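Have a look at the structure below, then the notes.
Every number in this text was worked out from the coordinates using simple rules, so none of it is lab data. Everything numeric here is computed off the predicted structure, so don't read it as measured data. Don't worry about glycine lacking a Cβ; one is built from the backbone with ideal geometry, like all the others, and counts go over all protein chains shown.
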Amino acid sequence: MTRLLIESALFFCLAGISFGMWWSTRHLRGNHGVDPAPDLAILHQIDRLILSDASLEHLSQRIVDLISSGTPLQGALIRSVHPKTGELIVLAVSDSLRATDATGGADLSVLRGGTVSPAQMLQSRSLVGHAINERRMVAGDSLAEFERPLLEATEAARLQKALGIKAVVVYPIIVEDRLNGAISFFFDRPTAVIKPRDHALMQALADEVGIALVNIDLLSQLEDMNKRLEDANVHLQTMDATKDDFISITSHQLRSPLTAIKGYTSMLTDGDFGAMTPRQRPVIKQIAESTNEVINVLNDMLSVSRINAEKFEITRAPVMLEDIIKDVVVELKPLAQNKQIRVSVVLPKRPIGPVFLDPLRIRQVLINYVDNAIKYTPHGKVVVSVETTPTDIVVKVKDSGIGIPEDELKRMFTKFYRAANARQMVTAGTGLGLYVAKRVIEDHGGTLFVESVEGQGATFGFRLPFAAVAVPEATTTPATAS
Ligand code: ADP
């Protein structure tokens, strides 16, 4: 489920980013009234880069290198605004402005990583600071005036001379009214010969870089969100495992004393401690029934926690299925008698013989079926039957109770599911019994079924193929379930 959520979030965010990029590409460029046609090739190349590269530094470097190789500009430098501190960081400087033999070792990429706050820029009267503060393009011919306080004046002059920079133009990078950084363009010709067409190109490039910065910011937010979702998922799984452990431990702890109570009440009923008075008899009977009820709920809870922890197993032995059925009916008869419900058992004429089943688990399924049949039948009868076909053993528990609404039939074996009419009739219920039954029967290689018309009773059953429950030749002694 969480995985589905993460995948959906990713899909929608990526769709949003792609749409945003398409929108910005059209509208931002359009806002500045620039005809993109002449420089379409470089802008298109940058568009493709934006879609293919998700690392801020790497993408910025590839963009400034594209600018120096694919335009008449000498090179470029990109700064971005740090999302938390608001400082401006130099992300990339074109390779064309790096040291070569011809430049005598002068290298503008020393600025890379340089970090200055807007206040420091204004204080040092840097022209980059001006461009950012006034949110407009600023052009000039002295590198020192732009790059202070990062570059000291004489060093700036040396670099400018060695690299042959004649003019610098800075554009702030603004996307949807938010300052994202600045881009400096370097020319090997003076400001006077920078044409409107150059400005159109620089503005379009600034917009394009703005889209790239926003895109990467969105992606990093998405990654961050993903990471948090993953952490939350791990946390949930741990809590889920703790909950399963808790249920498993408490169910075990509660089951032992309840089994003792069950044993003593049955000894009392059997007269092992002397005859009971007529007033005591119904009280002890009630204690026995309630204890059984709680033991059955605990067994279901234990089974569910084992299913969740993938530790649910069946332990087969050769057993007489008819005996288990008779036992279950005897155990639940008092419950039926309380409601004046008649419970009968119909067995096949020819005994089935030993079958290879988990006696405790099959008993758990039958207890659930018969208990439900009694519980959801206000008055009438319950018939438990076993039939055989040439291939299968078919066990059915048919009642004349409230039945199941047609539209709820298919959800019967889902965890925690309780139909509306059942909830109305019996408020206490877990919706776990049938879920566990499904797992038990399927683990035996069988199938479950239910037939019902609301108001006309229900038939719950299961079918076990002989082939799936045949006793292996080596084992023959039938076991009993208690
Ligand atoms: P519980 O009985 O504790 O609610 P179960 O898993 O045993 O949980 O049953 C799930 C639901 O299936 C019940 O709440 C009820 O809606 C429906 N159901 C089961 N057996 C019967 C039945 N014999 N007659 C009508 N509805 C039934």
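Working from Cα positions, state the angle (0 to 90°, nearest 10) between the long axis of helix 56-70 and the longest principal axis of the chain.
The two axes meet at around 40 degrees.
If you look at just the Cα atoms of segment 46-192, how large are its Rg and its Dmax in Å?
14.4, 43
If you scale each eigenvalue of the Cα gyration tensor by 5 and take the root, what three semi-axes come out for segment 352-482, rounded to whole angstrom and sorted largest first?
Working: eigenvalues 161, 42, 36 Å².
They are 28, 14, 13 Å, listed largest first.
Note the angle between two axes, namely the Cα long axis of helix 280-308 and the longest principal axis of the Cα atoms of the chain, as a number of degrees from 0 to 90, rounded to the nearest 10.
It is inclined by approximately 30 degrees.
Per residue, how big is the convex hull around the C-alpha atoms of segment 248-311? Give it to me in cubic angstrom, could you? Numbers along the way, then the final one.
Working: hull volume 4.3 nm³, N = 64.
Each residue corresponds to 68 Å³ of Cα convex hull volume.
If one computes P(r) from the Cα atoms of segment 156-208, what percent of pairs lie at distances over 14 Å?
Working: 791 of 1378 pairs.
Value for segment 156-208 (Cα pairs over 14 Å): 57 percent.
Would you list which lysines come within 26 Å of residue 396, measuring only between C-alpha atoms, while excluding same-chain residues fewer than 8 positions from it?
Here the lysines satisfying the reach criterion relative to residue 396 are 326, 333, 339, 349, 375, 381, 410, 415, 438.
Just from the alpha-carbon atoms, what are the Rg and Dmax of segment 330-398 in angstroms?
13.1, 39
Take residue 134 and residue 107, extend 7 Å from each Cα along the Cα→Cβ direction, and tell me the distance between the two endpoints in nm.
That separation, rounded to one decimal, is 3.5 nm.
Subtracting the Cα-Cα distance from 0.36 nm times the residue separation, let me have the gained length for residue 40 to residue 470 in nm, one decimal.
Working: separation 430, 0.36 × 430 = 154.80 nm, distance 7.66 nm.
Gain on stretching residue 40 to residue 470: 147.1 nm.
Only bridges with both residues in the chain count here: give the DSSP antiparallel percent, nearest 5. Could you put the intermediate results ahead of the total?
On the way: 48 of 55 bridges.
Percentage antiparallel, nearest 5: 85.
List the lysines whose alpha-carbon lies under 24 Å from that of residue 161, not counting same-chain residues fewer than 8 positions away?
195
Starting from the amide H of residue 175, placed 1.01 Å from N in the peptide plane, find each other amide H under 5 Å away whose residue is 5 or more places distant or on another chain.
Excluding prolines and chain starts, which carry no amide H, the hits are 180.
How far, in nm, would the chain grow between residue 155 and residue 427 when pulled straight, counting 0.36 nm per residue and subtracting the alpha carbon separation?
Stretched fully, the residue 155-residue 427 segment lengthens by 89.4 nm.
Can you tell me the mean projection area, over all orientations, of the convex hull of segment 163-292's alpha carbons? Units nm², please. Don't jump to the answer; show the numbers that get you there.
On the way: hull surface 64.4 nm².
Projected area, direction-averaged: 16.1 nm².
From the phi of every residue in segment 418-435, what ³J(HN,Hα) in whole Hz does the Karplus formula 6.51 cos²θ - 1.76 cosθ + 1.60 yield, where θ is phi - 60° and glycine or proline is x?
Values, residue by residue: 9, 6, 4, 5, 5, 5, 5, 7, 10, 5, 7, x, 10, x, 9, x, 5, 4 Hz.
Where does the chain land on Rg(C-alpha)/(2.2 N^0.38 Å)?
Numbers: Rg = 39.9 Å, N = 482, 2.2 N^0.38 = 23.0 Å.
The value comes to 1.73.
I'd like the distance between the alpha-carbon centres of segment 84-136 and segment 298-355, rounded to an integer number of Å.
Value for the Cα centre distance between the two parts: 80 Å.
Roughly how tilted is helix 359-375, in degrees to the nearest 10 and between 0 and 90, from the longest Cα axis of the chain?
Tilt of helix 359-375: around 80 degrees.
Normalising by the residue count of the chain, find the relative contact order in percent from Cα pairs under 8 Å and 6+ residues apart.
Working: 744 pairs, mean separation 48.1, N = 482.
About 10 percent, as a whole number.
How far, in nm, would the chain grow between residue 414 and residue 310 when pulled straight, counting 0.36 nm per residue and subtracting the alpha carbon separation? Show your work: numbers first, answer last.
On the way: separation 104, 0.36 × 104 = 37.44 nm, distance 1.72 nm.
Extra length available between residue 414 and residue 310 comes to 35.7 nm.
Alpha carbons only, please: Rg and Dmax for segment 120-235, in angstrom.
For segment 120-235, the Cα radius of gyration and maximum Cα-Cα distance read 18.3, 63 Å.
Rounded, prolate or oblate for segment 242-374? Axes are the square roots of the Cα gyration tensor eigenvalues, ordered a ≥ b ≥ c, and the cut-off for rounded is a/c under 1.5.
Numbers: a/c = 1.97, a/b = 1.14, b/c = 1.73.
Verdict is oblate for segment 242-374.
How far apart, in nm, are the 7 Å Cα→Cβ label points at residue 231 and residue 383?
6.3 nm
For a quick check: with amide H placed at 1.01 Å from N, whose amide H comes under 5 Å from residue 343's, ignoring anything fewer than 5 positions away on the same chain?
The answer is 382.
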